[in-house]
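This report concerns only the one structure given below.
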Amino acid sequence: MADYEVPELKGEGYVGIPSVLHDTMKGKGPFIAKPDFQEAMCFPADFGKNDYGEWELVPDWKNRALEKLDDLRHRYRSLQLYLDICVKCGACTDKCHYFIGTQDAKNMPVARQDLLRKVYRRYFTFAGKYFPWLVGAVDLTEDVVDDWYNYYHQCSQCRRCSVFCPYGIDTAEISMAAREILNHIGRGSKYNNEIIGKVFKIGNNLGLPGLALKDTLEGLEEDVEDDTGIKVRFPLDEAGVDVLLVTPSADFFAEPHVDGLIGYAKVFHEAGVSWTLSSHASEAANFGMFIGSYENMRRIALRIREAAEQLKVRRIIFGECGHAWRVAYNFLNTLAGPFDFLDPKYPVPQHILEVTWGLIQDGRLELNPAENDDRVLTFHDSCNVARATRMGDKPGGQFEIPRNVIRAVCNHYVDMPQDTIHDATYCCGSGGGLLTDDLMELRVKGAQPRMEALKYVAEKQGVTHMAAICAICKSQFTKVIPYYGFSMDQIVSVHQLVSNALVLKRKVSVQACPDSRDMDKSP
Ligand code: SF4
Ligand code: SF4
């Protein structure tokens with residue numbers, strides 16, 4: 001199936017420390033973005049191909065890279081700090097799923113950081129300028145740029161390493177800064193930048209235009225009506241409703257994502273909440289974060305504000321998407337706020353799981369968990385949700401609320417081993433803008449630790465399905481899980497489980513009607 005070795009699972013629930021190899025993943029970065037993609041994102045596009053058909057760097061690339069590094073270390077104090085304070089204790093070395101899976105020494109978090117740190121030292125510290133050999137400082141060369149491109153695109157910005165670092169050094173932030181610098185010298189990733197261009201042009205990552213989206217949603221309404229006999233609405237661009245739902249575009253048709261979207265719609269229907277999707281903001285994902293570009297992240301986030309204002313909604317709720325929730329939870333207010341035109345009764349934004357759990361606690365949803373009795377569930381904590389956000393108003397809500405919902409709708413649930421869940425969770429292997437087929441080897445190898453934990457609970461406790469709340473995790477797992485002997489349909493959306501268990505009693509969905517707002521008591 002693959003022209004590289006797929007790691008062998010032991011079924012012991014944990015992964016040992018691998019032996020260190022060198023350059024096993026050298027030169028295996030993603031395809032490079034062409035100038036058109038760069039231009040659309042306001043990055044320099046004055047570069048082309050050489051006589052061998054290879055992309056060159058922009059003219060004067062070295063000065064431009066150093067200027068950008070200088071700009072970023074002043075803009076983000078944390079970046080300067082992270083570059084300065086590493087003591088090389090080694091606590092992070094075996095914590096990265098990509099090092100575990102590939103054994104490449106440069107995929108150790110500290111080594112990954114050092115690729116940028118060595119250049120920072122050479123040009124921006126006294127010791128590095130005058131005694132570079134003493135402090136491991138190096139000149140910025142094209143070889144260094146190649147390593148930056150390869151290895152900063154072998155970091156999913158999952159932040160697992162930072163949990164184990166005694167100084168809390170966040171490799172993800174260094175990786176974002178490196179990608180921002182690379183984008184300024186003609187080394188953007190095709191996958192990320194093409195996707196961001198589609199959001200600017202069409203409104204979502206998949207390039208799904210408004211009419212196609214409308215068709216898709218009408219099809220879903222028919223499917224649900226055929227299945228349940230009840231007309232559950234999937235409204236688009238409906239002004240005057242309570243809720244604007246912003247969800248990853250994969251929810252519109254990919255499996256198992258779309259089953260989650262059906263679950264959200266059923267929850268709104270049954271709770272009597274009027275809601276809508278927006279063709280202008282038909283994407284929750286914000287790949288601007290992956291490439292470390294504040295400006296592009298802001299442009300994407302502003303579309304959500306524009307949609308909310310145009311549609312005159314009272315609340316914004318996000319669907320199941322890991323990094324979208326990270327951007328929304330941490331930055332939406334500063335990127336696109338203030339949201340003083342929304343109802344102050346509700347947090348801005350809310351996660352669909354917070355809403356569903358609130359409704360369950362208030363007894364407003366009738367559930368029949370026996371509908372999921374054909375499966376034994378476990379739950380994959382998505383990195384961005386687990387290590388960069390919260391849910392609800394208590395610490396740890398991001399771990400408890402998804403599990404509470406699953407336990408409310410399923411009778412059989414078990415957790416994977418403790419050192420692979422909650423804030424120690426392993427990345428799916430494709431976060432941070434790496435969900436592209438040109439990185440299949442990395443994706444398969446990076447999934448090894450999660451697959452090891454899954455195999456353990458599958459063999460020891462009869463787990464049949466793994467639920468996730470991130471579009472990237474779901475897409476990655478359905479693709480790589482067969483390499484490890486599982487089948488794609490073993491991955492499910494959490495709201496797919498809700499959808500199965502939810503008893504629909506309300507005959508008609510609530511429609512846009514300003515007067516109906518006063519009746520809403522949803523959490
Ligand atoms: S942030 Fe995640 S992917 Fe990046 S180095 Fe740390 S553990 Fe590895
Ligand atoms: S754990 Fe932190 S201080 Fe120690 S080597 Fe890693 S990044 Fe440096």
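For the stretch 434-476, what are the residues that are outside any loop (DSSP other than H, G, I, E, B), within 16 Å of ligand 1 (Cβ to nearest atom), open to solvent by 10 Å² or more (accessible area, probe 1.4 Å) and over 20 Å from residue 10 (Cβ atoms)?
441, 472, listed by residue number.
Might you check whether a residue that is of a type in the set (A, V, I, L, M, F, W, C), in contact (Cβ under 8 Å) with a residue 24 or more places away in the chain, under 30 Å from residue 96 (Cα atoms) and surrounded by fewer than 21 Cβ atoms within 10 Å (Cβ to Cβ) occurs anywhere in the stretch 349-367?
Kept after step one, since they are of a type in the set (A, V, I, L, M, F, W, C), are these residues of the stretch 349-367: 352-353, 355, 357, 359-360, 365, 367.
Still in the list and also in contact (Cβ under 8 Å) with a residue 24 or more places away in the chain: 352-353, 355, 357, 359-360, 365, 367.
Okay, now just the ones that are also under 30 Å from residue 96 (Cα atoms), so 352-353.
Those left that are additionally surrounded by fewer than 21 Cβ atoms within 10 Å (Cβ to Cβ): none.
Looking for residues that are of a type in the set (A, V, I, L, M, F, W, C), in contact (Cβ under 8 Å) with a residue 24 or more places away in the chain, under 30 Å from residue 96 (Cα atoms) and surrounded by fewer than 21 Cβ atoms within 10 Å (Cβ to Cβ), one finds none in the stretch 349-367, hence no.
When only residues in the stretch 111-125 that are touching a residue at least 60 places away in the same chain (Cβ under 8 Å) and touching a Cys at 6+ places or on another chain (Cβ under 8 Å) count, which is nearest to ligand 1 (Cβ to nearest atom)? Lay out the reasoning, then the answer.
Let us first name the residues in the stretch 111-125 that are touching a residue at least 60 places away in the same chain (Cβ under 8 Å), namely 112-113, 115-116.
Keeping just the survivors that are touching a Cys at 6+ places or on another chain (Cβ under 8 Å) gives 112-113.
On the way: 112: 5, 113: 8 Å.
Ranking the qualifying residues of the stretch 111-125, first place goes to 112.
Suppose we keep only residues that are open to solvent by 40 Å² or more (accessible area, probe 1.4 Å) and within 19 Å of residue 363 (Cα to Cα) within the stretch 393-433. Which one would you say is nearest to ligand 2 (Cβ to nearest atom)?
400
Would you pick out the residues in the stretch 178-205 that are in a helix (DSSP H, G or I) and either open to solvent by less than 10 Å² (accessible area, probe 1.4 Å) or within 12 Å of ligand 2 (Cβ to nearest atom) (or both)?
Once the filter is applied, which keeps residues that are in a helix (DSSP H, G or I) and either open to solvent by less than 10 Å² (accessible area, probe 1.4 Å) or within 12 Å of ligand 2 (Cβ to nearest atom) (or both), the stretch 178-205 yields 178, 179, 180, 181, 182, 183, 192, 193, 196, 199.
Which one is most open to solvent (accessible area, probe 1.4 Å) among residues in the stretch 15-53 that are over 24 Å from the mean Cα position of the chain (by Cα) and of a type in the set (Phe, Trp, Tyr)?
Across the stretch 15-53, the extreme among qualifying residues is 52.
Could you please tell me which pairs satisfy a Cβ distance under 6 Å, a separation of 6+ or placement on different chains, a first residue in the stretch 388-400 that is of a type in the set (Gly, Ala, Ser), and a second residue that is in a loop (DSSP other than H, G, I, E, B)?
397/390; 397/391
Of these, 66, 81, 9, which one is within 16 Å of residue 149 (Cα to Cα) and of a type in the set (A, V, I, L, M, F, W, C)?
Numbers: 81 fails: within 16 Å of residue 149 (Cα to Cα); 9 fails: within 16 Å of residue 149 (Cα to Cα).
That would be 66, the only listed residue that is within 16 Å of residue 149 (Cα to Cα) and of a type in the set (A, V, I, L, M, F, W, C).
Yes or no, residue by residue, for (1) over 27 Å from residue 192 (Cβ atoms); (2) touching a Pro at 6+ places or on another chain (Cβ under 9 Å); (3) part of a helix (DSSP H, G or I); (4) modelled with pLDDT of 95 or more:
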| residue | (1), (2), (3), (4) |
| --- | --- |
| 221 | yes, no, yes, yes |
| 233 | yes, no, no, yes |
| 251 | no, no, yes, yes |
| 260 | no, no, yes, yes |
| 268 | yes, no, yes, yes |
| 283 | no, yes, no, no |
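Name, by its number, the condition in (1) surrounded by 15 or more Cβ atoms within 10 Å (Cβ to Cβ); (2) more than 25 Å from the chain's Cα centre (by Cα) that does not hold for residue 59.
Of the numbered conditions (1) surrounded by 15 or more Cβ atoms within 10 Å (Cβ to Cβ); (2) more than 25 Å from the chain's Cα centre (by Cα), the odd one out for residue 59 is (1).
The values are calculated or read from the model by the stated rules, or taken from the named source; none is laboratory data. Because the structure is predicted, anything quoted here is derived from the model rather than measured. Quick reminder, even Gly has a Cβ in these numbers, built from the backbone with ideal geometry, and neighbours come from all protein chains shown. Just so you know, the surface numbers come from the protein's heavy atoms only, side chains and all, with ligands and any DNA or RNA stripped out. Shrake-Rupley method; radii C 1.70, N 1.55, O 1.52, S 1.80 Å.
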